[in-house]
Amino acid sequence: MMVWKKLLNGMKKNYRINKNKKAIVIFGANSYIATCLISKLSKKKEFKIFFVARNKISIANSFTYKNLNKLQLNLNKNFNKIFFYNFACNTNVEDYLKNRKLTIKNVFSYQKIILDFSNKINNSTFILVSSDRVFGKLNKIAYPSSIPKPIDPYAITKFKIENYFKKYLKNQFIIIRATNVYGPNQKSKQLLPKIIEQTKNFSSKIHVGNLNSFRDYIYIDDLIDGLIKILRINDKKNLIFHFSNKKIYLKSIINHINSYFLKKNIDKKIISSKDNFRKSKFELGNFKLACYSSYNKLCWSAKTDFFKGLNKILNNEFKKFKKTNR
């Protein structure tokens, strides 16, 4: 009798362990935000992390979109709670402008695979990383409940993907809308990475576009903090979270970088391009993301001052840069 009692107790103990097993699946695992998130999540032992990308990643637990059947069986058999992060639609704005039809076709082909796969997984929460650009020319506070009116091909596609998953996803759905993300080692066609790339590789005069506008920037560590806090949420409803920081005048960013170069004796100067002073038809409105739901439900707030974050990037990028007389 005692033997059976021990066996039963052991089975109950094992059941409790299995019942609490949690998994995280990251689609678009090669993207900048995803790699930063993975770095932080790898320290959390309570989650088993799986990576999905277009091309095979040479690490354990990685999959391509062509071999998701094995992952499906593993998740449904061995895990009680699964979180999906979808970074797979983070194609750059410039790619949409160069080849709109092909880019949209490619993006949606992967989104369909992701949706079909996610609907086969039990007890899951799906987190889609969208963009603040969906609010287009709005000139007031953008709440999670505000109706997006995107104006550029990139933002229009993002909003279509939001609606696509909202309509067809069977499990909990969370939308993340973040402002411009910036951080060390970022490879992108956005303003700051483009400046750094030109500084390292090209002429002493670096031309950028129209500086007479404002942008919201959020440091990568602050965004990652918010994405991780979502894992603790108890609300089972579909939700939208905004992540943002203070608005920054683009000209003040350039002045700061030029001042940094001067102090470091780096022979570079950033100037605005006269050709780009025409107002773009895709220029965003002067809206501000309302982050109240992030404050209240996640206890989240942006902690990194923009210029403090910018100095971290500049120090990281130029610590080995050869100094020259200006």
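Quick check: with the 1.4 Å probe, what order do Lys268, Lys247, Lys140 take by accessible area, largest first? Write down the numbers at each step before the final one.
Working: Lys268 25, Lys247 65, Lys140 135 Å².
My answer, sorted largest first, is Lys140, Lys247, Lys268.
What is the percent carbon and sulfur in the accessible area of the chain, measuring with a 1.4 Å probe over the protein chains and ignoring ligands? Don't skip to the end; give the middle numbers.
Numbers: 9430 of 17900 Å².
That fraction is 53 percent.
Tally the DSSP beta bridges in the chain and give the antiparallel ones as a percent, rounded to 5.
Details: 3 of 41 bridges.
Roughly 5 percent of the beta bridges in the chain run antiparallel, per DSSP.
For a quick check of your reading of the filter: which trypsin sites (Lys or Arg not before Pro) in region 32-67 sit in a DSSP loop and have no more than 11 other Cβ atoms within 10 Å? Display every interim value, and only then the final one.
Working: sites: Lys40, Lys43, Lys44, Lys45, Lys48, Arg54, Lys56, Lys66; in loops: Lys43, Lys44, Lys45, Arg54, Lys56, Lys66.
Sites meeting the loop and neighbour criteria: Lys43, Lys45, Lys66.
Stretched out fully, how many nm does the piece from Ser58 to Arg100 gain, at 0.36 nm a residue minus the Cα gap?
Working it through step by step, the gained length comes to 12.0 nm.
Give me the percent of DSSP beta bridges within region 171-309 that run antiparallel, rounded to the nearest 5. Could the numbers behind the result be given before it?
On the way: 3 of 15 bridges.
Taking every DSSP beta bridge with both residues in region 171-309, the antiparallel ones total about 20 percent.
What does the charge dipole of the chain about its Cα centre add up to, to the nearest 20 debye, if the Cβ of each Lys and Arg holds +1 and the Cβ of each Asp and Glu holds -1? Don't jump to the answer; show the numbers that get you there.
On the way: 66 positive and 18 negative charges, 144 e Å.
Its charge dipole is roughly 700 debye.
Within region 180-238, which trypsin sites (Lys or Arg not before Pro) sit in a loop by DSSP and count at most 10 neighbouring Cβ atoms inside 10 Å?
Values: sites: Lys187, Lys189, Lys194, Lys200, Lys205, Arg215, Lys229, Arg232, Lys236, Lys237; in loops: Lys187, Lys189, Lys236, Lys237.
Loop-located and lightly packed - Lys187, Lys236, Lys237.
How much accessible area per residue does region 165-293 have, counting only protein heavy atoms and a probe of 1.4 Å, in square angstrom? Numbers along the way, then the final one.
Numbers: 6480 Å² over 129 residues.
So region 165-293 comes to 50 Å² accessible per residue, rounded to a whole number.
Classify region 136-177 as rounded, prolate or oblate from the Cα gyration tensor: take a ≥ b ≥ c as the square roots of its eigenvalues, call it rounded if a/c is under 1.5, otherwise prolate when a/b beats b/c and oblate if not. List each step's numbers first, then the result.
Numbers: a/c = 3.03, a/b = 1.53, b/c = 1.98.
Note, shape of region 136-177 comes out oblate.
Residue by residue through region 230-236, which ³J(HN,Hα) values in whole Hz follow from phi under the Karplus form 6.51 cos²θ - 1.76 cosθ + 1.60 (θ = phi - 60°), with glycine and proline marked x?
4, 5, 9, 6, 9, 5, 8
Note the full-extension length gain between Lys269 and Lys281 as 0.36 nm times their separation in residues minus their Cα-Cα distance, in nm to one decimal.
Working: separation 12, 0.36 × 12 = 4.32 nm, distance 2.81 nm.
Answer, rounded to one decimal: 1.5 nm.
Relative contact order for the chain: what is it in percent, counting Cα pairs under 8 Å that are at least 6 residues apart?
Details: 513 pairs, mean separation 55.9, N = 326.
Relative contact order, the chain: 17 percent.
Kindly provide the helix-only [θ] at 222 nm of the chain, computed as the sum of -39,500 (n - 2.57) over DSSP H runs of four or more divided by all residues, to the nearest 500 deg cm²/dmol? Write out the running numbers ahead of the final one.
Details: 11 runs with 135 residues, N = 326.
Theoretical 222 nm ellipticity from helices: -13000 deg cm²/dmol.
Along its three principal axes, how long is the chain when you only count alpha carbons? Whole Å, largest extent first please.
86, 42, 39
Name the long-range amide H neighbours of Ser213: under 5 Å, sequence gap of 5 or more, or other chain; modelled H, no Pro or chain starts.
So Ser213 has HN proximity to Leu250, Lys251.
Would you pull out the residues with amide H under 5 Å of Val181's amide H, same chain only if 5 or more places away, H placed 1.01 Å from N?
The list, which skips near neighbours in sequence, is Ile218.
Given a 1.4 angstrom probe, what's the average accessible area per residue across region 46-135, in square angstrom? It would help to have the intermediate numbers written out before the result.
On the way: 4320 Å² over 90 residues.
Roughly 48 Å² per residue, with all protein chains present.
What aspartates and glutamates could a cross-link reach from Lys21, if we take a straight Cα to Cα line under 18 Å and drop same-chain neighbours fewer than 8 places away?
By straight Cα distance, Lys21 reaches Glu46.
Label-point separation (nm) for Lys194 and Lys251, each offset 7 Å from Cα along Cα-to-Cβ?
1.9
Would you please give the residues with an amide H less than 5 Å from that of Val25, counting only those at least 5 places away or on a separate chain, with H modeled from the backbone geometry?
Residues meeting the amide H criterion: Phe50, Phe83, Phe84, Tyr85.
Calculate, axis by axis, the spread of Cα positions in region 129-251 along the three principal axes, and write the results as whole Å, longest axis first.
For region 129-251, the Cα extents along the three principal axes come out at 53, 30, 25 Å.
The values are calculated or read from the model by the stated rules, or taken from the named source; none is laboratory data. Just so it is clear, the model here is predicted, and its values are computed rather than measured. Positions of Cβ are backbone-derived with ideal geometry, glycine not excepted, and every protein chain shown enters the neighbour counts. Areas reflect the complete protein model, heavy atoms only, side chains present, ligands, DNA and RNA absent. Shrake-Rupley method; radii C 1.70, N 1.55, O 1.52, S 1.80 Å.
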